[in-house]
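The values are calculated or read from the model by the stated rules, or taken from the named source; none is laboratory data. Since we're looking at a predicted model, the values are computed, not measured. We place every Cβ from the backbone using ideal geometry, glycine too, and count neighbours over all the protein chains shown.
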Amino acid sequence: MNSERRGRLLFCDKMILAKLKGADDQLEEKRAMKRDATDILRDALELPPEARAALAGSLLDSLDQTIDEDAESAWEAEIAARLKELDEGGVRVVPWVEARRRIAGR
């Protein structure tokens, strides 16, 4: 094998090794980015209540892969009926603090 060809092969080998090292580095970086669920939960619990509620809703939505059209229309009808009751004064509104106190007192 002549020296020019050997030099090209060595260069190619070095390039391949560099790409493999780069791939290894990227894989290590991805592994480092993965976080334990308990760490994520601890961070989430430090969020304000509104942000925790939004996060919880997003997580629940991510679990619901199929949409039950009957359930959706039933919820829409229930929401409309409850709004109508509120608008007509048929129900007494209870502040969340009071409702939570009542629930905790059970």
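Below is a table of values for the structure above.
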{"read-out": "Close pairs from segment 53-79: first under 30 Å from Asp43 (Cβ atoms), partner at pLDDT 90 or above and part of a loop (DSSP other than H, G, I, E, B), Cβ under 8 Å, at least 6 apart", "value": "Leu55/Leu47"}
{"read-out": "Residue, nearest to Trp96 (Cα to Cα), within segment 36-85, restricted to residues that are outside the structural domain of Val97 (by TED's automatic domain parsing) and basic (Lys, Arg)", "value": "Arg52"}
{"read-out": "Selection count where residues are out of contact with any helix residue (DSSP H, G or I) (no Cβ under 8 Å at 6 or more places or on another chain), surrounded by fewer than 10 Cβ atoms within 10 Å (Cβ to Cβ) and not in a loop (DSSP other than H, G, I, E, B), scope segment 42-62", "value": "6"}
{"read-out": "Selection within segment 64-75 - more than 26 Å from Pro49 (Cα to Cα) and outside any loop (DSSP other than H, G, I, E, B)", "value": "Glu69, Asp70, Ala71, Glu72, Ser73, Ala74"}
{"read-out": "Members of segment 92-106 found to be surrounded by 10 or more Cβ atoms within 10 Å (Cβ to Cβ) and either touching a residue at least 24 places away in the same chain (Cβ under 8 Å) or hydrophobic (A, V, I, L, M, F, W, C) (or both), listed by number", "value": "Val94, Ala99"}
{"read-out": "Residue match in segment 82-98 (condition: assigned to a helix (DSSP H, G or I) and small (Gly, Ala, Ser))", "value": "no"}
